[in-house]
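A.B. asks: I'd like to ask some things about the structure below.
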């Protein structure tokens, strides 16, 4: 197939060549008639004399010899390291003493999947799935974050900053400092649109999980989404009878992931990572209260403005009637 800027197609080349070879046109006149250079006209004319009509088609532009191409032995070493260790081009290049660009070209030439498309444990290509309509499946999970001491992590000493690692009650430490403790973000993400809702109950017990779901369901309902199925991990709060009864009463089917397979609940796991990178640790907060106050703004940006590569836009693009879409 001719490139988009080619002045002649195979038919045009044949007409030009016949004008010169069979009708006796001067080469310069034929080149002007078909609006090409004399050199181009001569090339197609000579090829017509040698090969006839079959010579008017495009040929492969690949060179007959590539003396500077990476040796086959080196290519095999690159592929072996990639398959066995699942390293990126930079690490492979450092190990083999090559340029990272060379390694990248070899991996691309052989069609090896990108690391983000692989399951790190098995090396198999991850099959990405997506529900057809909003509400068919909602992913639910809990993200545990250490609270921020007053003054911020960066403005206090290590002992104060590490107080959240101890028990949250002072009964076991009657003579110690008040413990900072943890925050528990209960998150829900719609599989199709990636619309997300989050709140911060005091703990991760079944009572907090059960209290979280009606608020999440009301949030999705306010945006025209009827939840049909909920997917969670095997945490104790999601195995409780109260959680099951809450979903059953709302007409929602509950599904749990296989044990030790968090990637099954990958939508909300990826949202947890976004929470950490773009909200929880995006800036040095001076207190836990200050960080919590920014959560609604983050959720609004996530749902209305943040570009999601998996859906090529924000969730608002998949929910035309999303409230506040243009704010």
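A.B. asks: Return a yes/no flag: does region 227-246 have any residue that is under 23 Å from the mean Cα position of the chain (by Cα), buried (at least 17 other Cβ atoms within 10 Å of the Cβ) and farther than 30 Å from residue 180 by Cα.
C.D. replies: The answer is yes, given that some residue of region 227-246 is under 23 Å from the mean Cα position of the chain (by Cα), buried (at least 17 other Cβ atoms within 10 Å of the Cβ) and farther than 30 Å from residue 180 by Cα.
A.B. asks: Still on this structure, please answer the following. Conditions: (1) closer than 30 Å to residue 205 by Cβ; (2) at pLDDT 90 or above; (3) crowded, with 17+ Cβ neighbours inside 10 Å. Residue 106 meets all but one. Number of the miss?
C.D. replies: That leaves (1) as the condition not met.
A.B. asks: Hey, residue 126 hits all of (1) farther than 30 Å from residue 93 by Cβ; (2) at pLDDT below 70; (3) surrounded by 14 or more Cβ atoms within 10 Å (Cβ to Cβ) but one; which does it fall short on?
C.D. replies: The single condition residue 126 does not satisfy is (1).
A.B. asks: For the subset of region 129-155 comprising residues that are surrounded by fewer than 11 Cβ atoms within 10 Å (Cβ to Cβ) and modelled with pLDDT under 85, which member is farthest from the chain's Cα centre (by Cα)?
C.D. replies: 154
The rows are residues; the columns are (1) touching a strand residue (DSSP E or B) at 6+ places or on another chain (Cβ under 9 Å); (2) in contact (Cβ under 8 Å) with a residue 60 or more places away in the chain; (3) outside any helix (DSSP H, G or I); (4) more than 11 Å from residue 141 (Cβ to Cβ).
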{"site": "224", "(1), (2), (3), (4)": "no, yes, yes, yes"}
{"site": "234", "(1), (2), (3), (4)": "yes, no, yes, yes"}
{"site": "245", "(1), (2), (3), (4)": "no, no, no, yes"}
{"site": "251", "(1), (2), (3), (4)": "no, no, yes, yes"}
{"site": "268", "(1), (2), (3), (4)": "yes, yes, no, no"}
{"site": "271", "(1), (2), (3), (4)": "yes, yes, no, no"}
{"site": "275", "(1), (2), (3), (4)": "yes, yes, no, no"}
{"site": "278", "(1), (2), (3), (4)": "no, no, no, yes"}
{"site": "282", "(1), (2), (3), (4)": "no, no, yes, yes"}
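A.B. asks: Hey, can you tell me all the residues within region 284-304 that are within 19 Å of residue 187 (Cα to Cα) and part of a loop (DSSP other than H, G, I, E, B)?
C.D. replies: Once the filter is applied, which keeps residues that are within 19 Å of residue 187 (Cα to Cα) and part of a loop (DSSP other than H, G, I, E, B), region 284-304 yields only 294.
A.B. asks: Is it the case that region 96-114 has a residue that's outside the structural domain of residue 45 (by TED's automatic domain parsing), under 30 Å from residue 9 (Cα atoms) and part of a helix (DSSP H, G or I)?
C.D. replies: Yes, region 96-114 has at least one match.
A.B. asks: Do we have any residue at all in region 170-178 that's modelled with pLDDT of 90 or more and either touching a helix residue (DSSP H, G or I) at 6+ places or on another chain (Cβ under 8 Å) or within 30 Å of residue 319 (Cα to Cα) (or both)?
C.D. replies: So far as region 170-178 goes, no, none of its residues is modelled with pLDDT of 90 or more and either touching a helix residue (DSSP H, G or I) at 6+ places or on another chain (Cβ under 8 Å) or within 30 Å of residue 319 (Cα to Cα) (or both).
A.B. asks: Looking only at region 46-85, count every residue that is in contact (Cβ under 8 Å) with a residue 40 or more places away in the chain and closer than 23 Å to residue 118 by Cβ and tell me the total.
C.D. replies: Result for region 46-85: 1.
A.B. asks: Find all pairs meeting these conditions: Cβ atoms under 6 angstrom apart; at least six residues apart or on different chains; first residue within region 132-161 and in the same structural domain as residue 183 (by TED's automatic domain parsing); second residue at pLDDT 85 or above and exposed (fewer than 13 other Cβ atoms within 10 Å of the Cβ).
C.D. replies: That search, which allows pairs on different chains as well, returns 152/284; 154/284.
A.B. asks: Could we say that residue 93 is without any contact (Cβ under 8 Å) to a residue 12 or more places away in the chain, outside the structural domain of residue 263 (by TED's automatic domain parsing), in contact with a helix residue (DSSP H, G or I) (Cβ under 6 Å, 6 or more places away or on another chain) and within 29 Å of residue 266 (Cβ to Cβ) here?
C.D. replies: So residue 93 fails the test.
A.B. asks: State whether the residues of region 297-310 include one that is in contact with a strand residue (DSSP E or B) (Cβ under 9 Å, 6 or more places away or on another chain), farther than 24 Å from residue 133 by Cα, exposed (fewer than 14 other Cβ atoms within 10 Å of the Cβ) and in contact (Cβ under 8 Å) with a residue 12 or more places away in the chain.
C.D. replies: no
A.B. asks: Would you mind finding the one in 69, 82, 73, 43 that is loosely packed, with under 10 Cβ neighbours inside 10 Å and either under 16 Å from residue 14 (Cα atoms) or in the same structural domain as residue 112 (by TED's automatic domain parsing) (or both)?
C.D. replies: That would be 73, the only listed residue that is loosely packed, with under 10 Cβ neighbours inside 10 Å and either under 16 Å from residue 14 (Cα atoms) or in the same structural domain as residue 112 (by TED's automatic domain parsing) (or both).
The values are calculated or read from the model by the stated rules, or taken from the named source; none is laboratory data. Note that the structure is predicted; figures quoted are calculated from it, not measured. All Cβ positions, glycine included, derive from the backbone under ideal geometry; neighbour counts span all protein chains shown.
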